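First up is the structure itself, then whatever we jot down about it.
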Protein chains: 2
Amino acid sequence: METVDTLRDLAIILLFAKCFGILARKFKAPQVVGQILAGLLVGPCVLGWISQNDFITDMAEIGVVILMFSVGLESDLKELLKTGPVAFLIACFGVIVPLVSGALLYMGFYGVAPWGSENFYKAVFIGTIMAATSVSITVASLQELGKIKSKVGTTIVSAAIIDDIIGIIVLTFVIGFKNPGSNPGMVVIKTIAFFIVAVIGGYLIYKIFFTLDKKYPHTRRIPIISVAFCFGLSYIAERYFGIADITGAYVAGVVLCSLKDNEYIERKVDVSSYMFFGPIFFASIGLKTSFDNVNEKLIAFCICFVIVALLSKIIGCGLAGRLCKYNMADSLKIGVGMMTRGEVALIVAQKGLSAGLLTADYFTAVILMILVSSISTPIILKLLYSRDDKKSSPGSDDSKIAQA
Amino acid sequence: METVDTLRDLAIILLFAKCFGILARKFKAPQVVGQILAGLLVGPCVLGWISQNDFITDMAEIGVVILMFSVGLESDLKELLKTGPVAFLIACFGVIVPLVSGALLYMGFYGVAPWGSENFYKAVFIGTIMAATSVSITVASLQELGKIKSKVGTTIVSAAIIDDIIGIIVLTFVIGFKNPGSNPGMVVIKTIAFFIVAVIGGYLIYKIFFTLDKKYPHTRRIPIISVAFCFGLSYIAERYFGIADITGAYVAGVVLCSLKDNEYIERKVDVSSYMFFGPIFFASIGLKTSFDNVNEKLIAFCICFVIVALLSKIIGCGLAGRLCKYNMADSLKIGVGMMTRGEVALIVAQKGLSAGLLTADYFTAVILMILVSSISTPIILKLLYSRDDKKSSPGSDDSKIAQA
């Protein structure tokens, strides 16, 4: 593909994503839904003007990394530590319930498989795909609703991060049991090592930025070097510790969130995010979708897969929320906020394909799950919050914060 | 290449480009010089951490397109029309003098070739490579010096744009004479057609933006749709009219330069430009450089090639400046401002390679010309302007404007 065609693709994506974003808002849905639909429209499914290519994949990845970095920047370290244990419990429930449900669903369709058999691992793998929450769309919706800093918002983001980590550990375990090449124990050690390195290294980096910020406040070097740090940590997380790059980006944001200039950094990062990378990321979800090679049984499986994937997260995380003494409305928000799936599910599916645990046909189910959850989560979240705002119930912690 | 490696590349480029940019400023050189040197350092020439790849090429292209768009946005339509005829004369001299000098240089090294022979076209082609000015580095330097809106600044930018167009017409003529497949007459018609389409289409687009701007001033949709328009016109220019995409981007900027919100658009575009695309573009010039396959005769040719390339532009454009009644100091600035070569020279060289008019060895000369001109132009320009500021000579039009 020539460079000049990239300009054409970008022009179409930016124009359609913005116009559909505005349209979605007119229908009281969040802008990201419009942007995903714009991708679906201009992509191979409908008009076929643009197909997913390496450049768009890379831009989308940068988009999601920047998004997670800005979430980290916005986070409140004290609040995060306070919600930590709760988030951990929610994440555990959010992994276990979908994992078991997914495995049972597969066995329901293709017969019960004995422990340790080929089919057993395939069933567990279907559950694994359902495990990893993708926080990015929820984050974008919460940002739009202005609830990202609320207690529920912080809990969802923290839980989704931990959920990702547990999901990746589970993935490595499942593949590890099938393939003796990878070492599940190593994964746990690497994950712990990353967080130790992140805390120590992060403190040193924070000190450097603190000095830089004091000497040259509000200069361009601060946001530019911050972004370089974010990209660097994302790379190190994924390459050397086997942790998703978005987790690295989030941690990078958390490291810098107590800086005096953190709002200045965020503002600069946000401009690039909404001007270029954000629309490309959300449109690329629509672009990935393709409805070829679909048959009746697969359709039935796909539909059940999506329903189980969504419900198992809502039930698992909502239940954990209730256990942690959130009220019913907030528990539901947590469940819905955690039900989005995204690029991590695709990455997991891709790994299963190369490990022989999955055939390419099931990708349709994964994409459908991503699409349905990506579109419905923001809409349901918005409905839940607007119901709250109407009632303005004194029991809901969020409405208090939002009004503050 | 995996996406995660892209994050690593970006982290290194952004960090080094910014640090070297700051360093360059400390030595009173413009930041872009530091950014090019940063690319040279991390690229295959020195450390070898990063090599040019498709993603960086695309990002760099977007960078230069955005840069030209923002130059167009900053331009003053009235001033541009006023400097038009002068710019045209300067551009003509800026093409003819290097074209003839380059051809003579080749003949000096490899023997006089009779009119119409294979070697004659090769000689003319060496001149053609020297013809196209790359305005981007000059523009960035003038922006840094705050002289982009001055009379000399406007003249240089307009002349460089026209120069590009003439250069591309010459290229098509030279290749056309060798290869009967392309039609030189068609090139002229297409160029004229583009500007007719741009004027008519541009007026309609301006009207749409004018309404949009009136109804929704200072909303995100304005800069986003502007950028989409810029990318779209860049694409159309190159794909359908055979005109460089950067020319399309510049025209897109000029179309929107009279909008009320043009400063708002520019501010948003600038943030993405200095945060991501700009540093990547300038560093990529350094990345492209490689000093393999170099021998003595080639070194001698390269050195002469660079000297002739720079002097012929300074003499040609400076002379035209004098003819247009600029004083000596301003004529020199115009000559120096026009001497930068960039991606267009590389594109021309690449086309010569595929047409059999050039061997790959000469790429070293082209890259050296780009590198030397890119590094020396900003430094010399800065010196010329600082000499002006010291003297504050009443004859210099620029110093008056700069103080206004």
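Report the full-extension gain for the segment B:S386 to B:K149: residue separation times 0.36 nm, less the Cα-Cα distance, to one decimal in nm. Mind showing how you got there, number by number?
Working: separation 237, 0.36 × 237 = 85.32 nm, distance 1.70 nm.
Working it through step by step, the gained length comes to 83.6 nm.
By accessible area of protein heavy atoms, probe 1.4 Å, what ranking do B:T364, A:T289 get, highest first? Please report the intermediate quantities before stating the final value.
Values: B:T364 25, A:T289 0 Å².
Result of the area sort, largest leading: B:T364, A:T289.
Which helices, counted as full DSSP H runs in chain A, have an axial Cα extent of no less than 24 Å and a Kyte-Doolittle average of 0.0 or above? Write down the numbers at each step before the final one.
Numbers: long enough: A:3-26 (35 Å, 1.02); A:54-74 (30 Å, 1.36); A:77-110 (48 Å, 1.48); A:151-178 (40 Å, 1.68); A:184-215 (46 Å, 1.32); A:221-241 (28 Å, 1.04); A:296-323 (40 Å, 1.81); A:363-391 (41 Å, 0.89).
Those that clear 24 Å and a mean of 0.0 are A:3-26, A:54-74, A:77-110, A:151-178, A:184-215, A:221-241, A:296-323, A:363-391.
Restricting things to Cα coordinates, could you compute the convex hull volume per residue of segment A:196-343 in Å³?
On the way: hull volume 25.0 nm³, N = 148.
Roughly 169 Å³ of hull volume per residue.
Could you work out the helix-only [θ] at 222 nm for chain A, with each DSSP H run of four or more residues adding -39,500 (n - 2.57) and the total divided by the number of residues, to the nearest 500 deg cm²/dmol? Don't skip to the answer; put the middle values down first.
On the way: 17 runs with 318 residues, N = 404.
Dividing the helical sum by the residues of chain A leaves -27000 deg cm²/dmol.
Assuming 0.36 nm per residue, please report the length gained on full extension of the stretch A:L298 to A:F109 beyond their Cα-Cα distance. Numbers along the way, then the final one.
Working: separation 189, 0.36 × 189 = 68.04 nm, distance 1.02 nm.
Difference between extended and current length: 67.0 nm.
Taking a cut-off of 15 Å between Cα atoms, list the aspartates and glutamates near B:K313, but don't count ones fewer than 8 places away on the same chain.
Leaving aside aspartates and glutamates fewer than 8 places away in the same chain, those within reach of B:K313 are B:D163, B:D164, B:D330.
On a straight-distance basis, which lysines could pair with A:K147 in a cross-link, Cα separation under 16 angstrom, same-chain partners fewer than 8 positions away excluded?
A:K333, A:K382, A:K390, A:K400
Taking the Cα centre as origin and putting +1 on Lys and Arg beta-carbons and -1 on Asp and Glu beta-carbons, what dipole magnitude results for the protein assembly as shown, to the nearest 20 debye?
I would put it at about 1920 debye.
So if each residue of separation counts as 0.36 nm, and I subtract the Cα-Cα distance between A:I22 and A:S258, what length gain in nm does that give?
Details: separation 236, 0.36 × 236 = 84.96 nm, distance 3.36 nm.
Roughly 81.6 nm would be gained on extension.
At B:I347 and B:E118, where each label point lies 7 Å from the Cα along Cα→Cβ, what is the point-to-point distance in nanometres?
Roughly 2.9 nm, to one decimal.
Put +1 on the Cβ of every Lys and Arg and -1 on every Asp and Glu Cβ in segment A:43-104; which of A:V71, A:F88, A:M59 then has its Cα farthest towards the positive end of the dipole?
A:F88
For segment B:59-198, what D do you get in µm² per second when you plug the Kirkwood radius from alpha-carbon pairs into Stokes-Einstein at 4 °C and 1.567 mPa s? Intermediate values should be presented prior to the final figure.
Working: Rh = 16.6 Å.
In µm²/s, the coefficient rounds to 78.
Here are some pairs, B:K122/B:K288; A:K214/B:K26; A:K82/A:K288; B:K207/B:K268; A:K288/B:K214; which of them have Cα atoms lying more than 27 Å apart in this structure? Don't skip to the end; give the middle numbers.
Details: B:K122/B:K288 24 Å; A:K214/B:K26 19 Å; A:K82/A:K288 38 Å; B:K207/B:K268 21 Å; A:K288/B:K214 37 Å.
The answer is A:K82/A:K288; A:K288/B:K214.
Would you please state the base-10 log of I(q)/I(0) at q = 0.06, 0.15 1/Å for chain A, with intensities from the Debye formula using one equal scatterer on every alpha carbon?
-0.23, -1.51
Taking N as the number of residues in segment B:144-255, what is its alpha-carbon radius of gyration divided by 2.2 N^0.38 Å? Intermediate values should be presented prior to the final figure.
Numbers: Rg = 16.7 Å, N = 112, 2.2 N^0.38 = 13.2 Å.
It is 1.26.
Mind running the shape call on segment A:17-110? Use the C-alpha gyration tensor, a ≥ b ≥ c as the square roots of the eigenvalues: rounded below 1.5 for a/c, prolate if a/b tops b/c, oblate otherwise.
Oblate.
Using protein chains only and a probe of 1.4 angstrom, how many square angstrom of B:L145 are accessible, to the nearest 10?
Estimated to the nearest 10 Å², B:L145 gives 50 Å².
Among the aspartates and glutamates, which have Cα under 18 Å from the Cα of A:K215 when same-chain residues fewer than 8 positions away are ignored?
A:D261, A:E263
The values are calculated or read from the model by the stated rules, or taken from the named source; none is laboratory data. Remember, predicted model here, so these are calculated numbers, not experimental data. Please note: Cβ atoms are built from the backbone with ideal geometry, for glycine as well, and neighbour counts cover all protein chains shown. Side chains are part of the model used for accessible areas, which takes the heavy atoms of the whole protein and leaves out ligands, DNA and RNA. Shrake-Rupley method; radii C 1.70, N 1.55, O 1.52, S 1.80 Å.
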